[in-house]
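One structure below.
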Amino acid sequence: MGGDMGNEVERSNLFTVPMWSASVPADTPWIGTLVHDIDAILDAGDLDFEQCSGHQTLPELQYRSEPHWASFFAFVTETFEQIASTAGQLRWATHGLRSWGLRVNQVSSEKDKKRGPVRTLLTHNHSPALLTSVFTCELPSSPLPEDLSTVFYNPASHINCPWQNRTALVPPAVGVLSVFPGWIEHAAPIVSPVPIGERRVIISTDYFPEFEST
């Protein structure tokens, strides 16, 4: 598939559910600038971190207009549009984004440990988003990426299908955008020992139809 940025979108399967990925080099300059902005938002002190997992920004990053954010959202939007163009059920002329950042470090881990020694973000989905995504900006040296995998749950797990796994694990990698249907149930590890001065930083973005009022 082609696009203005020439993104190479790869398709794989979670059980019988499609999943896609696209990537930029891990040393892409705008990744570090995105992290700088997320740090600035989170360090401003006007968010209630006790009410969320890790340290999360508000879902307002899609309104950022700086050149590095424009580059990021051009990459994400082109990937979404390439995927959505293959969906037979696509019926809406316009779509919108909702995007937020998440930072997990030693401070956030200590906060989250109060809720359990091996806490994960509760199983959830992003409905009514048509697609949702996770872009990894930064990873700590430990735990290993496979120990920070997003867990996806088989929608047919209630059926006795011994040839199908009940869960699938997708490990993160810096510069990789993982995209999946907004309705699929998933969870992510939040509490893990993170070395002092290191952290995990991701950006989640939902892609959903914009309904015109009548």
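Below are the figures for this structure:
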| quantity | calculated |
| --- | --- |
| Residue count, segment 21-41 (criterion: open to solvent by less than 30 Å² (accessible area, probe 1.4 Å) and either assigned to a loop (DSSP other than H, G, I, E, B) or at pLDDT below 95 (or both)) | 2 |
| Only one of Arg91, Arg103 that is in a loop (DSSP other than H, G, I, E, B) and either in contact with a Gly (Cβ under 8 Å, 6 or more places away or on another chain) or modelled with pLDDT under 95 (or both) | Arg91 |
| Scan of segment 45-76 for residues that are at pLDDT 95 or above, surrounded by 12 or more Cβ atoms within 10 Å (Cβ to Cβ) and not in a loop (DSSP other than H, G, I, E, B), ordered by number | Leu61, Gln62, His68, Trp69, Ala70, Ser71, Phe72, Phe73, Ala74, Phe75, Val76 |
| Condition check for Gly54: in contact with a Lys or Arg (Cβ under 7 Å, 6 or more places away or on another chain) and under 13 Å from Ile203 (Cβ atoms) | yes |
| Selection from segment 10-52 of residues that are closer than 19 Å to Gly182 by Cβ, polar (S, T, N, Q) and touching a strand residue (DSSP E or B) at 6+ places or on another chain (Cβ under 6 Å) | Ser12, Ser21 |
| Candidate set: segment 68-77, residues that are touching a residue at least 24 places away in the same chain (Cβ under 8 Å) and out of contact with any strand residue (DSSP E or B) (no Cβ under 8 Å at 6 or more places or on another chain); chosen: the one farthest from Arg103 (Cα to Cα) | Ala74 |
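The values are calculated or read from the model by the stated rules, or taken from the named source; none is laboratory data. Since the structure is predicted, the reported quantities are computational estimates derived from the model, not experimental observations. In this analysis, Cβ positions are derived from the backbone assuming ideal geometry, glycine residues included, and neighbour counts consider all displayed protein chains. Note: areas computed on protein heavy atoms with side chains; ligands, DNA, RNA excluded. Shrake-Rupley method; radii C 1.70, N 1.55, O 1.52, S 1.80 Å.
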